[in-house]
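**Q** What follows is a structure written as structure tokens; I'll ask about it next.
The values are calculated or read from the model by the stated rules, or taken from the named source; none is laboratory data. Fair warning: this is a prediction, and the values are worked out from it, not measured in the lab. Only protein heavy atoms, including side chains, enter the accessible area calculation; ligands, DNA and RNA are left aside. Shrake-Rupley method; radii C 1.70, N 1.55, O 1.52, S 1.80 Å.
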Amino acid sequence: MNSEDRSESLGTFKAFSIAEGILLIVLGVLALIFPVVASFWTTGVIAVLFLVGGVVGWISNLARSRRMGRWICFWRLVVSTLFLVAGGSMISNFRDPGEAAEQVVAFALAIGIVFIVEGVVAFFNGLANSGQPGAGWAIANGVITFILGLLIVTLKFWGLLWVLGTLVGISFLFSGIELIAFSSSINDGQDPPAIA
């Protein structure tokens, strides 16, 4: 790759990366301003992903059924069916605002429980590796994640409606900032990063 092609490729990479970073920041700020709306959108997207995952799971398992054992294929089809049922149920509940709100709250509570478990695991993992560099960060991460989980599961119904939107907003905001900072730090003499 000659220097002119490299410079053009790098410029295109940086422009798209910065544009993506700006879009993530805008979406993150909107999610933080309107966390309840973002919570509903997040739950809706997950419902669609469950449906797609269930359909793909069925197709994949049936296509590979002769190479898999009978019981493995059966249980994988059961899991794919559960994804289809969960996704379909979530989408059908979005017709009624009350049921949709309950869906969002249930999902937020599930995330709170996952944070509690993840916090405990990270904390004890940090303690088990206390002699290693970075173990203090693992312990701190465990404590903070555990506290966030406790905060989420102790919120009242209306408080839970904004949890998902706030988490998505924070994630998008920091991802956008990181992407812009990374893209801006690439020099003209460097090759654009390879796509993994």
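**Q** Per residue of the chain, what 222 nm ellipticity follows from adding -39500 (n - 2.57) for every DSSP H run with n ≥ 4, rounded to the nearest 500?
**A** So the helix-based figure for the chain works out to -29000 deg cm²/dmol.
**Q** So with the 1.4 Å probe, I'd like the accessible area per residue for the chain, rounded to whole Å².
**A** About 65 Å² of surface per residue is accessible.
**Q** Please compute one quarter of the surface area of the Cα convex hull for the range 40-181 and express it in square nanometres.
**A** Averaged projected hull area, Cα only: 12.3 nm².
**Q** Over the range 127-167, what lengths in whole Å, largest first, do the semi-axes of the equivalent ellipsoid take, defined as the square roots of 5 times the eigenvalues of the alpha-carbon gyration tensor?
**A** Working from the Cα gyration tensor, I get semi-axes of 30, 10, 5 Å.
**Q** Roughly speaking, to the nearest percent, how much of the chain's 1.4 Å accessible area is carbon and sulfur?
**A** Carbon plus sulfur share of accessible area: 72 percent.
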